[in-house]
Amino acid sequence: MEKLIVKNLNHHYGFTSILENINFELNKGQVLSIVGPSGGGKTTLMHLCADLIDVQEGNIKNSFTSSSFAFQESRLLPWKNVIDNIALGLKAQKISTKMAQVRAKKIALRFGLEEIDFDKFPKDLSGGMRQRVSFARALVTKPSLLFLDEPFSALDIGLKKELQSLLIEMIDKKELSVLFITHDLMEAIRLSDEILLLKADPGRIVKKFKYDLPQSKRDDKFVYSQSAKILQDEEIIDTFELELK
Amino acid sequence: MKFVFKILKDFPSYLWSGWGAIASIFLFFACWDLGYQIYGELVLPSPLETLSTLWVMSHNDSVIEDAKITLYRAFFGFGLSVLFGSILGLIAGLFATASIMSRPIVTILVGMPPIAWIVLAMIWFGMGDFTVIFTVVVASFPIVFVGALQGTRTLEGDLKEMGKSFKLPLHVKFLDIYFPHIFSYIFPAWVAALGMAWKIVVMAELLSTSDGIGAALAVARSHLDTPTALALVVIMISSMMFIEYIILEPIKREVELWRN
């Protein structure tokens, strides 16, 4: 069984402790969200899990066969057009250029890009379109584990919902596991099987919330009522400093 | 291959966009002629006379021989600068220490007037080919070096990280992520270095050799032969313009299509 296991993880920058005693497990087909205030070490934790930075203390075991990363900013290569940017993800997988182009075009259409956009450079795309391209690039490889670092934060509501539904469709088929960072609680409730609350200074997990209802069955009412409930939680109030001072 | 084809395909429309430039050149000729009418032939020969001298010269074997020699020196020196400047610049850019240490040296090289190099080279190497080529190299090397250094130094961490997250193999990382970025810095540096080489080669020849366009210019000066001097200048400038506008600019346009 493919799994991501994080055990007793600590991380420092110089003398500042960023993460302290982090433990969790992400199983195949699951969506795990990490929520918390900005600057709480969420991105560092994600980068550690994705092996972008080295683990200092503790253990991360990743047995997923493949993974990809969608960043907060689109991080497209400015000198490549839309299709070549998407196909970049496939270059590591020894797929012929022709096949890569076909697959890139297919997924681009699915993500709401149009054929006239295919030859455009990132500078000629709107922010939302760039984010779609970045998303398509992450998913074209059909990863078994997807790292999402607040990729929806800069998008308008419509586009956000559209991309989330695409994601939910894949989660539903159990073909994708997701480690998801966000500071938007509603987003987390809509998408996650489990939410970890990360408190800042130093980053540590103070509470876990579980949701068993399949993502595709969660309607707005569910999301709103759960959000209202979670916002009453004392740990949440404390972590996000919601109380009036 | 696709890339070369695209440059050729866009070439006619690029040429067609040159009418403005041609108009401005003709305006320049008009001002030149005005200068001739005011100051007379000895100070400033008319464009017509200069061009007819140029026509006569272009049938003269010794002038063509001079041009070839100058061309050889300029390109040999430029080639050496490109080769060493690019490689050393890339290496220096990879290491923080090397780039910090190389900065003052580059400042010295850039700040040193080329004429001083010529004098030193004449003392060290005597009169001849080597002195000229040496001067061309010291003058254009720092430009290429700085271009390559900055290209490597400014590689974006974000994009590197993205490449790492996809576990891209090394050659893909180099070709798709590093190379286009570095090239966008290094190519303009090559162009600037070529311009520098072209100017320096004539100056060095004028002072230190008995052949080449620079030497011919010195002879024209001693004979007070202004039309020949101007014709030589026209040769230098028109060849520079040809290289810059007909060869380099179309390449640059294709290469930098993705830029804002």
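The values are calculated or read from the model by the stated rules, or taken from the named source; none is laboratory data. Computed from a prediction, not measured in an experiment: that's the story for all the values here. All Cβ positions, even for glycine, are placed from backbone atoms using ideal geometry, and neighbour counts span all protein chains on display.
Which members of the range A:207-232 meet the condition of being surrounded by fewer than 14 Cβ atoms within 10 Å (Cβ to Cβ) and not basic (Lys, Arg)?
Answer for the range A:207-232, where residues must be surrounded by fewer than 14 Cβ atoms within 10 Å (Cβ to Cβ) and not basic (Lys, Arg): A:Asp212, A:Leu213, A:Pro214, A:Ser216, A:Asp219, A:Asp220, A:Tyr224, A:Ser225, A:Ala228, A:Leu231, A:Gln232.
What residue, of A:Leu48, A:Leu9, A:Leu26, A:Leu52, is assigned by TED's automatic domain parsing to the domain that holds A:Asp238 and assigned to a loop (DSSP other than H, G, I, E, B)? Show your work before the answer.
Values: A:Leu48 fails: assigned to a loop (DSSP other than H, G, I, E, B); A:Leu9 fails: assigned to a loop (DSSP other than H, G, I, E, B); A:Leu26 fails: assigned to a loop (DSSP other than H, G, I, E, B).
The conditions single out A:Leu52.
Need a quick list: helices (runs of 4 or more DSSP H) entirely within the range B:206-260 having at least 3 residues that are without any contact (Cβ under 8 Å) to a residue 12 or more places away in the chain and out of contact with any Gly (no Cβ under 6 Å at 6 or more places or on another chain).
Details: elements: B:213-222, B:226-241, B:249-255.
Those helices (runs of 4 or more DSSP H) span B:213-222, B:226-241.
Which one is surrounded by the most Cβ atoms within 10 Å (Cβ to Cβ), of the residues in the range B:173-185 that are aliphatic (A, V, I, L, M) and at the interface with chain A (Cβ under 10 Å from one of its Cβ atoms)?
B:Ile177
Tally the residues that are touching a Phe, Trp or Tyr at 6+ places or on another chain (Cβ under 6 Å), within 14 Å of chain B (Cβ to nearest Cβ) and not polar (S, T, N, Q), restricting the search to the range A:136-162. Before the answer, list the steps.
Within the range A:136-162, the first condition is being touching a Phe, Trp or Tyr at 6+ places or on another chain (Cβ under 6 Å), and the residues that meet it are A:136, A:144-145, A:147-149, A:160.
Remaining after also requiring within 14 Å of chain B (Cβ to nearest Cβ): A:136, A:144-145, A:147-149.
Next cut, not polar (S, T, N, Q) only: A:136, A:145, A:147-149.
Counting residues in the range A:136-162 that are touching a Phe, Trp or Tyr at 6+ places or on another chain (Cβ under 6 Å), within 14 Å of chain B (Cβ to nearest Cβ) and not polar (S, T, N, Q) gives 5.
Take A:Gly58 and tell me if it is away from chain B (no Cβ under 11 Å), modelled with pLDDT under 90 and either outside any loop (DSSP other than H, G, I, E, B) or surrounded by fewer than 21 Cβ atoms within 10 Å (Cβ to Cβ) (or both). Show your work before the answer.
Numbers: away from chain B (no Cβ under 11 Å): yes; modelled with pLDDT under 90: no; either outside any loop (DSSP other than H, G, I, E, B) or surrounded by fewer than 21 Cβ atoms within 10 Å (Cβ to Cβ) (or both): yes.
Answer is no for this residue.
Could you list, in sequence order, all residues of the range B:33-62 that are without any contact (Cβ under 8 Å) to a residue 40 or more places away in the chain, within 18 Å of B:Ala216 (Cα to Cα) and not aromatic (Phe, Trp, Tyr)? Talk me through it step by step, then tell me what you get.
Pass one, the range B:33-62, residues without any contact (Cβ under 8 Å) to a residue 40 or more places away in the chain: B:33-40, B:46-48, B:52, B:55-56, B:58-62.
This time we only want the ones that are within 18 Å of B:Ala216 (Cα to Cα), so: B:52, B:55-56, B:58-62.
Within the range B:33-62, B:Ser52, B:Val56, B:Ser58, B:His59, B:Asn60, B:Asp61, B:Ser62 qualify.
For the range A:142-192, name all the residues that are under 20 Å from A:Arg75 (Cα atoms) and either in a strand (DSSP E or B) or of a type in the set (Gly, Ala, Ser) (or both).
Within the range A:142-192, A:Leu145, A:Leu146, A:Phe147, A:Leu148, A:Asp149, A:Ser153, A:Ala154, A:Val178, A:Leu179, A:Phe180, A:Ile181, A:Thr182 qualify.
Tally up the residues in the range B:146-172 that are more than 9 Å from chain A (Cβ to nearest Cβ) and touching a residue at least 12 places away in the same chain (Cβ under 8 Å), please.
So in the range B:146-172, the residues more than 9 Å from chain A (Cβ to nearest Cβ) come out as B:146-155, B:157, B:160, B:170-171.
Cutting the leftovers down to touching a residue at least 12 places away in the same chain (Cβ under 8 Å) gives us B:146-155, B:160.
The number of residues fulfilling the criteria is 11.
Is it the case, given these coordinates, that A:Glu25 is over 30 Å from B:Asn260 (Cβ atoms), touching a residue at least 12 places away in the same chain (Cβ under 8 Å) and over 16 Å from the mean Cα position of the chain (by Cα)?
Values: over 30 Å from B:Asn260 (Cβ atoms): yes; touching a residue at least 12 places away in the same chain (Cβ under 8 Å): yes; over 16 Å from the mean Cα position of the chain (by Cα): no.
Judged against the criteria, A:Glu25 is not a match.
Answer yes or no as to whether A:Glu235 is of a type outside the set (S, T, N, Q), in contact (Cβ under 8 Å) with a residue 60 or more places away in the chain and under 29 Å from A:Leu19 (Cβ atoms).
The answer is no for A:Glu235.
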